[in-house]
Structures are given as C-alpha cells and as structure tokens.
Amino acid sequence: MDIFSTHVLNRVVEHLERPASFLLDTFFGSVQTEDSEEIHFDIDKSKPRLAPFVSPLVAGKVVANEGYETKSFKPAYVKDKRRFDPNAPLKRAIGETIGGSLSPMQRREAALNRALSNQLENLTRREEVMASEALRTGKVTVSGDDYPTVVVDFQRDPALTLALTGGTRWGETGINVLDDIEDWAATVQTKSGAAARTVIMDPLAWRVFKNNDKVERLLDIRRGTGNTLNVDPMLRGQGNDKARYVGSIGDFDFYVYNDVYVDDDGVTRQMLPEYTVIMGSRGQLEGTRCYGVIQDEKAGYRASRYFTKSWLEEDPAVRWLLMQSAPLVVPYRPNACLCATVR
C-alpha cells in the first residue's frame, strides 16, 4: 500500500488526535460546506413585534415582512505545504529506544503521522482563533499573502461588546460581579432571545471573579450534567484540558480557558486576552464551521474541511505534503453571545 496516496493520507489525518479547540467545541458544533468559492450566511433582521389588534368586523392589518440579509464571503485559502524529510526512515524516531527498535518503513510512517498531525493542529488552531475573534468582537478579520485584509462583520449589536472602566471594573470597591453576570445575561436575552448560561473567562478574569465574597459563598463546584459538550466526535478536540470547568452559580456554568498560539508574525498571543469574559448560549448561537470548495482537481472541486495530498519531485528527490482548506466560522445568531473586558 502506498502510504503517500491521497486516499491513505486523508484517512490517516481523520484518525489522528485533535488539538484543543474548546471554543469551537462549545459554540461551533455544526458544519456547512459549499461547492463554490464563496460561503453564504443569513442575518436575521426581524424584531420582537406584537400581533396587531383589530375589530373582528374589519380586514386584517397588513404586517410587513422584516426578512433577512444574505451575505457572502470568499474565504482565504489555507495551504500548509511542507517538505517531508527523506532521511526520516534512517533516523531514530521520537520516543524510539536508543539504538533503534523500528524498521525504516515504520519510522517513515511515524514521521508521516507527526507531519500530518501538525498540519491538522495548525488548521484547527486557525479555526479556534477565528472562533475567539467572532465571540469577542462579532467580527472575523482575514488576511494573508496575496489576499487583501477583509473584515467579516456579523453585525452583532454594539451593546454586546463591553469594556469596563474606572470604578466599574471588577475588583473595585462596591462592584458586585454577579450583578454584572445577571445584567449581561439579560442583555443577551433582550437582544437575541437566547439564554446565555455558559461563562468563559481567562485566568486573570477568573482570579478576580472567584475572590469576590459572594462568589465564594455561592460557587458550586460539583459537576452536573449541564456542562457536557455534545459535539460530533470527528470535530471534538482531544486536548481540551486547557479549559477547566470551575463551578456553577444558579444556572450559570463557569469555565477557565488558558491557551496560546503563535500568530503570523511569530508573536505568542493568548487565545483569550487578559481579563476577558465571554457569555453565550451553546445551542442558540447556532455557531457553524463553514468550508468552501477545495480548488484542486484531485479533490474533485468538492467542499470539505480539508484535503491532503503528496507528490514527489525527482531531482533533487523531495517529497511534499500539502493540506488545503477554505474555512470560516460563523455565529448565525451573533447576538446570542457577549464579551466584556473587566479590567
């Protein structure tokens, strides 16, 4: 069997462990594929109106449809291309005993597994960064080589992006953090009709929150059934220990998320900036991972999360591995989440 064939490469990738992807797993559990370069999504423009009163003896009052707005976006194309080390079969693999216990073919397969695993980790991390940005700002900024910077605006209500200042910041005298949580949940419910029961904080925001006297008295750290993630196993991250369930108060579940990534400029950044609080409704956000068509003849020009392939150059002898994707994460009900910077 040729382990570098396109069919085998894709099957290998599908059965590798997934990296941490807590925000994706929590809020973006659905998948949408489109066999075109563009991804389409609708924005509901309706408002909570009342049915009109009229006399039973007169004609009904005409109520205009508020409708929705359909937006389209041509996503940036992800291409992770790397040179496969031709000497991998001749070197001791990571974790292999000194002196070698694997055959050259076993080492080659192990090296291929590591390379594909890393490509998939990078793609998942890219999607997780987009999820973080969408939840925090209601927008996703996409830029890259030969791709002009584009801001995809999901038109979240400005009242759902907050930055506390002065005496209103958490930790200041007289500030009741639980009142803020309740007020923000009410704002989300007013703007979207969704119940925002999931609260995610970075470690610094959590430290201030948990040290509040009322929080210490009320926090229930027993695990209930309400914090279970129901996500397609093929999408679920396997390293989500970077997110911790830290307790519940009333019907609010609290999590601390601490993960980092290296951006395109080589700078290490937090997945959630310091003192960030995100509140959302898991199911009612209708978060979706969208994928455009794979622009490759060998992929059949079909949409899928990713497509991998390999080819060999004869002189000099170099084998290349390529993973391609056209991703965008979309919160179809963007007003079902809120983000606050609390200090």
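Coordinate-derived values only; no laboratory data. In this text the structure is predicted, and so the values were computed from the model without any measurement. Virtual Cβ from ideal backbone geometry, glycine too; neighbours counted across all protein chains shown.
Couple of notes before you dig in:
- Between Glu274 and Glu216, full extension at 0.36 nm per residue minus the direct alpha carbon distance yields a gain of 18.7 nm.
- For segment 272-336: rounded, prolate or oblate by the Cα gyration tensor [a/c cutoff 1.5]: oblate
- Kirkwood estimate for segment 122-209, i.e. one over the average of 1/r between Cα atoms, Å: 15.4
- Extension gain, Tyr245 back to Gln295 (0.36 nm per residue minus Cα-Cα distance, nm): 14.0 nm
- From phi via Karplus (6.51, -1.76, 1.60), per-residue ³J(HN,Hα) for segment 262-276 in Hz, x at Gly/Pro: 9, 6, 5, 9, x, 9, 7, 10, 7, 5, 10, x, 4, 6, 9
- Ranked list, fewest to most other Cβ atoms within 10 Å of each Cβ, for Ile175, Ile181: Ile175, Ile181
- The label-point distance for Trp320 and Glu38, in a model that sets each label 7 Å from Cα toward Cβ, rounds to 3.0 nm.
- Full extension of the chain between Val151 and Asn176 gives 5.5 nm of extra length, using 0.36 nm per residue less the Cα-Cα distance.
- Filter on Lys79/Lys298; Lys81/Lys139; Lys71/Lys191 - keep pairs with C-alpha separation over 26 Å: Lys81/Lys139
- Loop-located trypsin sites (Lys or Arg not before Pro) in segment 161-213 whose Cβ has at most 16 other Cβ within 10 Å (DSSP): Arg169
- Residues Thr190 and Thr168, FRET efficiency given R0 of 22 Å [Cβ-Cβ distance, rounded to 0.05]: 0.65
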